[in-house]
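For reference, the structure is listed below as structure tokens.
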There are 2 protein chains.
Amino acid sequence: MTNAHITWVEDMQFVAQGDSGHAIVMDSSEEGGGHNTGARPMEVVLMGLLGCTAMDVISILQKKRQNVAGLKIFATGERAAEHPKYYTKIHLEYVAAGDVQPEALARAIQLSEEKYCSAIATVRGKAEITSSFRVEPALTK
Amino acid sequence: MTNAHITWVEDMQFVAQGDSGHAIVMDSSEEGGGHNTGARPMEVVLMGLLGCTAMDVISILQKKRQNVAGLKIFATGERAAEHPKYYTKIHLEYVAAGDVQPEALARAIQLSEEKYCSAIATVRGKAEITSSFRVEPALTK
């Protein structure tokens, strides 16, 4: 069981908190009636998905004794044109830095996407998940 | 198109950032190899879903000229027993405070769940969504 709750603060500003006790602020843009004091909810869904697969990939690479110096993952979510504008496709671009064998990274991504990542498995009923990856000597900002 | 990216900080700590520029920290528990400096990814997925439906419900209640004094939503997510432990069922309990007609709240929730909420529509392929609601004179913490 995983739980969270959300409390309305004012206008379109809300604070959400999960079982772990950590809280995050969400808000909409000024055009959406908010004041941009926090992330948009659909960004937050993507962020949770990124966190899920990122933790898998780091854990697996470390178990494979890869010397990972850095990891970034970029998510691009395509949305349905009509309400409800759900994610129809999410592309994940994995960029690892350090002494990482490309085949180890590919295998880590595959294990996360197919076996371990609960968030990817949750959205996959609706969203098509695609991915790409590369290894760089050092991560740029 | 909705975008976000995540950067590994250390151990199981990651910082994610979306198009809006707002960032959130995710981490795992000590038992999971982390240091509990941020929310768990699957909590974050639930939080995004809560933010999505909360914004809908507040907007709709205000359009219906309901005098909403407060809104809290509690999400309970049941997970599959085996990897990948995706959400099989998510229950949303809506608690509004103030001078709110129960039928207006019921209709707002229905519109969010069936028509507007992009996050609910994204996870619904896998997770069954159920909800309940009540109106209270004033919200307790």
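The values are calculated or read from the model by the stated rules, or taken from the named source; none is laboratory data. The model shown is predicted, which means the values in this text are computed figures rather than measured ones. Note that each Cβ is placed from the backbone with ideal geometry, even for glycine, and that neighbours are counted across all protein chains shown. Heavy atoms of the whole protein, side chains included, go into the accessibility calculation; ligands, DNA and RNA do not. Shrake-Rupley method; radii C 1.70, N 1.55, O 1.52, S 1.80 Å.
Observations on the model:
- Only the Cβ atoms of Lys and Arg (+1) and of Asp and Glu (-1) were treated as charged; on that basis the dipole of the range A:41-136 about its Cα centre amounts to roughly 200 debye.
- Listed cross-link partners A:126/B:72; A:85/B:115; A:72/B:85; B:85/B:126 are compared with a 18 Å cut-off, the Cα-Cα value being larger for A:126/B:72; A:72/B:85.
- Accessible area per residue, Å², the range A:10-141 with all protein chains present, probe 1.4 Å: 44 Å²
- Choice from A:93, A:113, A:31 showing the highest fluctuation, given a GNM over chain A with Cα pairs closer than 10 Å: A:31
- Averaged over the residues of B:68-74, the number of partner chain Cβ atoms lying within 10 Å of the residue Cβ comes to 4.
- Part-to-part distance (alpha-carbon centres) for the range A:69-141 and the range B:101-141, which is given in Å: 30 Å
- Inter-chain Cβ neighbour count for A:87-100, averaged per residue, equals 1 (cutoff 10 Å, partner chain atoms only).
- To the nearest ten degrees, helix A:102-111 and the longest principal axis of the Cα atoms of chain A are 50 degrees apart.
- Computed with every protein chain present, the accessible area of residue A:59 is close to 40 Å² [probe 1.4 Å].
- Of all chain A residues, the one whose C-beta is nearest the axis that brings A onto B, in angstrom: A:125, 1
- For residue A:91, inter-copy label distances in nm, listed shortest first [label point 7 Å out on the Cα-Cβ vector]: 4.1
- Spacing of the modelled spin labels on residue A:82 and residue B:31, each 7 Å from Cα toward Cβ, amounts to 4.6 nm.
- Taking the range B:62-105 and a reference point 7 angstrom along Cα→Cβ of residue A:114, the backbone N atoms nearer than 19 Å belong to B:82-86.
- Normalised Debye scattering of the range B:91-134 at q = 0.17, 0.28 Å⁻¹ gives log10 I(q)/I(0) of -0.49, -1.04, counting only Cα atoms as equal scatterers and leaving out solvent.
- In degrees, nearest ten, helix A:41-63 long axis to first principal axis of chain A (Cα): 20 degrees
- Positive-pole candidate from B:38, A:12, B:61, dipole of the protein assembly as shown, charges at beta carbon: B:61
- Residues considered: B:125, B:98, B:77. Largest GNM mean-square fluctuation over chain B, using C-alpha springs under 10 Å, is found at B:125.
- Its residue count N sets the reference 2.2 N^0.38 Å, and the alpha-carbon radius of gyration of the protein assembly as shown equals 0.99 times that reference.
- FRET efficiency, residue B:1 to residue B:62 (Cβ-Cβ, R0 35 Å, nearest 0.05): 0.80
- Ordering B:111, B:96, B:123 by Cα displacement along the dipole of the range B:41-136 toward the positive end leaves B:111 in first place; charges were set at the Cβ atoms of Lys, Arg (+1) and Asp, Glu (-1).
- Listed residues B:121, B:54, B:81, most fluctuating in chain B (Gaussian network, C-alpha, under 10 Å): B:81
- Hydrodynamic radius by Kirkwood, which averages 1/r over all alpha carbon pairs of the range A:1-93, in angstrom: 15.6 Å
- The range B:59-141: mean projected area of Cα convex hull, nm²: 6.0 nm²
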